[in-house]
Amino acid sequence: KYPDCKEVKIHTGQKLEFAGITMQALHTHEDLVNATTGISNYSGSSMNNTSTVIKLTVNGMSVIILGDAYPSIENGMLSVYTAETLKSDVVQIAHHAYNGVSKALYDVIDADIVVIPCTYGQYAYKYIDVESVDSKYPNLNPVLEAADAVYFMGRKEFTVGLAVVNGEITVVYEPEARPTT
């Protein structure tokens, strides 16, 4: 349908700039390939180990999108990048907030705004210990407590995205009624 459309296959460390946005790839599936042997270290235990992690920067504000990153990705990023590279204003919590990425990565990212890619209802039902009202993944408790704002995605206040307006981060919510056609 679009024969002249350009395709870019992004590689770890690569930076792309478009429409005033800088996108840096911090991890791609290629990081699973042994540089000496050329053989993938992917064990097949989880496709999440192949997640792409990117950092977007616009107007001096940044967001790290961790996707479904697993601890193996976290370990690789912490061994390669400095705090200066990983520091971000906003972080999308990895894998719906339940995969064991440690507090160490979130501490280095040091984001003021946290976006959790599931509804609050899912999070409360699946990931909070009702007895203590703490996350079943205790590494997240201090991260959420330290954040200036925590946003969930889904239903009633569905977070469509975050926008930078006049240097401030604004939450964009789903309209109450979506067209049916």
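The values are calculated or read from the model by the stated rules, or taken from the named source; none is laboratory data. Note that the coordinates shown come from a computational prediction; the quantities given were computed from them, not determined experimentally. Ideal geometry is used to build each Cβ from the backbone, glycine not excepted, and the neighbour counts take in all protein chains shown. Just so you know, the surface numbers come from the protein's heavy atoms only, side chains and all, with ligands and any DNA or RNA stripped out. Shrake-Rupley method; radii C 1.70, N 1.55, O 1.52, S 1.80 Å.
With the Cα gyration tensor of segment 1-82 giving a ≥ b ≥ c as the square roots of its eigenvalues, does the rule (a/c under 1.5 for rounded; else a/b larger than b/c for prolate; else oblate) give rounded, prolate or oblate? Show your work: numbers first, answer last.
Values: a/c = 2.05, a/b = 1.35, b/c = 1.52.
The shape class here is oblate.
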Inter-site label distance for ASN59 and GLN14 at 7 Å from Cα along Cβ, in nm
2.8
Highest-first arrangement of 76-88, 56-68, 27-39, where packing means the average Cβ count within 10 Å
56-68, 76-88, 27-39
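For ALA35 and LYS87, calculate 0.36 nm times their separation in residues minus their Cα-Cα distance, and state this gained length in nm to one decimal.
Values: separation 52, 0.36 × 52 = 18.72 nm, distance 2.74 nm.
Gain in length upon complete extension: 16.0 nm.
FRET efficiency for CYS5 and HIS96, Cβ-Cβ distance as r, R0 = 41 Å, nearest 0.05? Provide the component values of the computation, followed by the final result.
Values: r = 31 Å, r/R0 = 0.77.
Given R0 = 41 Å and the Cβ-Cβ separation, E is 0.85.
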Heavy-atom accessible surface of segment 1-111: percent carbon and sulfur, 1.4 Å:
54
Pairwise label distance in nanometres, SER79 with ASP112, each label 7 Å out on the Cα-Cβ vector
3.4
